[in-house]
Number of protein chains: 2
Amino acid sequence: MAGVSQTTVSLVLNGRAEGEVRISPETRDRVLQVIRETGYVADPAARRLVERRNRIYGVFTYEAVFPAESADFYRPFLVGIEECAEEAGCDLLLFTSAKVEQGERRRIFSAESRIRLADGCVLLGRTIDRDDLSRLLSEGIPFVSVGRRDDAGGPVPYVGADYPPAMRALVERAAALGHRRMAYVGAGQGAESYADRLRGFTEGVAAAGVEGVHLTSADGLFGSGATVVFAEELADGAAIAEVARTRGLDVPRDLSIVALGAPTRPVSTDIDFAGFRIPRREMGHRAVELLTQVLERGGTPQELLACELVEGSTLAPPA
Amino acid sequence: MAGVSQTTVSLVLNGRAEGEVRISPETRDRVLQVIRETGYVADPAARRLVERRNRIYGVFTYEAVFPAESADFYRPFLVGIEECAEEAGCDLLLFTSAKVEQGERRRIFSAESRIRLADGCVLLGRTIDRDDLSRLLSEGIPFVSVGRRDDAGGPVPYVGADYPPAMRALVERAAALGHRRMAYVGAGQGAESYADRLRGFTEGVAAAGVEGVHLTSADGLFGSGATVVFAEELADGAAIAEVARTRGLDVPRDLSIVALGAPTRPVSTDIDFAGFRIPRREMGHRAVELLTQVLERGGTPQELLACELVEGSTLAPPA
DNA sequence: TGGCGAAACTAATACGCATTATCAACAAGG
DNA sequence: CCTTGTTGATAATGCGTATTAGTTTCGCCA
């Protein structure tokens, strides 16, 4: 339409007409005019083939990105991710094609994995398959995990929440209030986040010189003599509060409760728990920033963001 | 690695070894073995170049898909969209690269619109630029709008909510309760959804043989003599209820309120309004189904889904 | 008139895949 | 020994772009 070669259009389109290669202003304008009229846009797939760059970031989650249930743990992460992707001028690809079979998780590497369609990808999930991680590493697929991950055949790039200091601070606060026997209720393993919380708890009680017990369920709690309990998840905290109430115990007078983390399961409670705030939005945002950095300069960034303590009303001096 | 040509790998990979083209079982197994070992996956971009198909559906929204605010009108649509994309084995591409400048909306066709990267796309938004729509049509980009749209240089494919029948039913219900003078408060134009609601209202009062007035704001409401008011949006309904309360009016004894639609702006109300439920999730789901259909067979589907009436507690016989 | 360098553009190619036409090897039939 | 058919694989091509290495044109000077 402009009477020029495909090469010329490409040069004009990519603004390369200024440097080494020269295109006369008349020709350039003619081409630009046609581009405007037709709304021509270079096929991104073809472009990708040449450039090895898409400006598409993948977002992988093991569960639905938009869960039907109202309680939505991932939401704030995604807010941050979208925010930063927008700043970076990138599109987000949700791997919905990794179909979730009845009761099964999505798989990063399925038969027809489409992960490589994206330049790189952000991983979201409480736990992530070890095998998936090590394969991502060995295949050299650029990615950043939201949440700290243990090594998987090599260091994993991540941006996580810095639980241990937050835990230590909470333990210290409880100790300062006079608590001498504390309990941690929860698995304390499985997910890195759980392990980190328990670790912080253990370090905290050691540093404060108080007694600390780890219970995997709330069953033994009321016979343990603990005056403050650290619940691994918000839901656990709510459950404990409920049991305490039925036993006629007042929170926090008879029992202080510290609830860790954000609601991962639907919780209906309006208790203002003491604990900390996971900087979810910031983590999502930072993950995309780091992914961009990895794509440009490589490397294996690992960052931890501080958790802000939440005063709450469930932590008080023991009776 | 398998000692065969690229062609053979392609044939094996795509299971074409069964029909016309034949590959010996030994060769096939050898290739599959190497594929398993290496985790080889065909480059989706290159594939797209050949196939003219991506299995990527775009999702365009004028605002952020994951809004930071809690009130989230779009969420249920997206739940349905993701749900259906998963069933269809497609990935979703969020056009976050269409950067939102300070106070501006995203643009479907920006300088470097990446809309054509997807096979087709789903449009979400209360209103959608007329020019954008007609350009989508004229460029032959497959898309389906969530929400009915007026023609834009041609019929627009959509799946919308069927407001008029719901409105007529509500008016009829009010009339049956004894209301003789009804008011519609809201723009009644701008967005197709508003126009449809007002139209249904107008048709309804005509059919019921009662008086109906259209007020663009709630100002004249209390002098209008209306005993029931239809608020265009939930937020309007909440505002009207609040004003009524300060005037010492009881809802629904002195004034019945019907609130239309779902919360598009943050609303904090626990009033159980009479009205209808927009089948948002179903609309999102159906939009993706229709998009698939358009991609396969073409056409311009237009569908309206019924709104379920909500009884509520704000509609009662007039005093 | 020939030579030469700069200006302005284009032909050819690679990217990784799917597809089509082609080819080699071998068996069976004449 | 030649023809025909069948089986199993491959060379060649096109998809739409970015890039590199030319190629043509033109003005200028000797």
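Structural remarks
- Per-residue Cβ neighbour rank within 10 angstrom, fewest leading, B:Val159, A:Val21: A:Val21, B:Val159
- Listed residues A:Val258, A:Val210, A:Val288, most fluctuating in chain A (Gaussian network, C-alpha, under 10 Å): A:Val210
- Bridges between two residues of segment B:161-319, per DSSP, are antiparallel at a rate of about 15%.
- Rounded to the nearest 20 debye, the dipole magnitude of chain B is 460 debye, with +1 charges on Lys and Arg beta carbons, -1 on Asp and Glu beta carbons, and the Cα centre as origin.
- Distance from the alpha carbon centroid of segment B:241-318 to that of segment B:1-78 works out to 40 angstrom.
- Applying 1/(1 + (r/R0)^6) with R0 = 30 Å to the Cβ-Cβ distance of B:Glu311 and B:Thr246 gives a FRET efficiency near 0.70.
- Cβ-to-Cβ counts within 10 Å put B:Arg55, B:Arg199 in ascending order as B:Arg199, B:Arg55, the fewest first.
- Two-site FRET efficiency, B:Arg22 against A:Ser224, from Cβ-Cβ distance with R₀ of 60 Å, rounded to 0.05: 0.25
- Electrostatic dipole magnitude of the protein assembly as shown [Cβ: Lys, Arg +1; Asp, Glu -1; Cα centre; debye, to 20]: 900
- Anisotropy class of segment B:79-199 from Cα gyration tensor, a/c 1.5 cut: prolate
- Shielding value for A:37-47 is 5, the average number of Cβ atoms from other chains within 10 Å of each residue's Cβ.
- When chain A is treated as a Gaussian network with alpha carbon springs shorter than 10 Å, the biggest mean-square fluctuation among A:Asp132, A:Asp270, A:Asp29 belongs to A:Asp29.
- Residues A:Tyr62, A:Tyr163, sorted so that the one with the fewest Cβ neighbours within 10 Å comes first: A:Tyr62, A:Tyr163
- Candidates A:Ala88, A:Ala46, A:Ala175: whichever shows maximal mean-square fluctuation once chain A is modelled as a Gaussian network with Cα springs under 10 Å: A:Ala46
- For the protein assembly as shown, the calculated P(r), taken from all Cα-Cα distances in 10 Å bins from zero up to the bin holding the longest distance, is 3, 13, 19, 20, 19, 14, 8, 2, 0 percent.
- Largest-first ellipsoid semi-axes for segment B:1-81, taking √(5λ) over the Cα gyration tensor eigenvalues, angstrom: 43, 14, 11
- Other copies of B:Ala42: label-to-label distances in nm, shortest first, labels 7 Å along the beta-carbon direction: 2.5
- B:Ala169-A:Glu51 pseudo-label distance in nm [points 7 Å out on the Cα-to-Cβ vector]: 5.0
- Positive end of the dipole of the protein assembly as shown (Cβ unit charges, origin at the Cα centre): among A:Gly80, A:Thr27, B:Leu221, the Cα lying farthest that way belongs to A:Thr27.
- Within the protein assembly as shown, DSSP assigns beta bridges of which about 10% are antiparallel (rounded to the nearest 5).
- R0 of 51 Å, Cβ-Cβ distance B:Ala206-A:Glu37: FRET efficiency to nearest 0.05: 0.60
- Given charges at beta-carbon only (K, R positive; D, E negative), |dipole| of segment B:1-49 in Debye: 120
- Bridges between two residues of chain A, per DSSP, are antiparallel at a rate of about 10%.
- Overall form of segment A:173-242 per C-alpha gyration tensor (a/c, 1.5; a/b vs b/c): oblate
Here, each number is a calculation from the coordinates, and none is a lab measurement. Everything numeric in this text was worked out from a predicted model, so none of it was measured. FYI the Cβ positions are ideal-geometry reconstructions off the backbone, even for glycines, and counts take in every protein chain you see.
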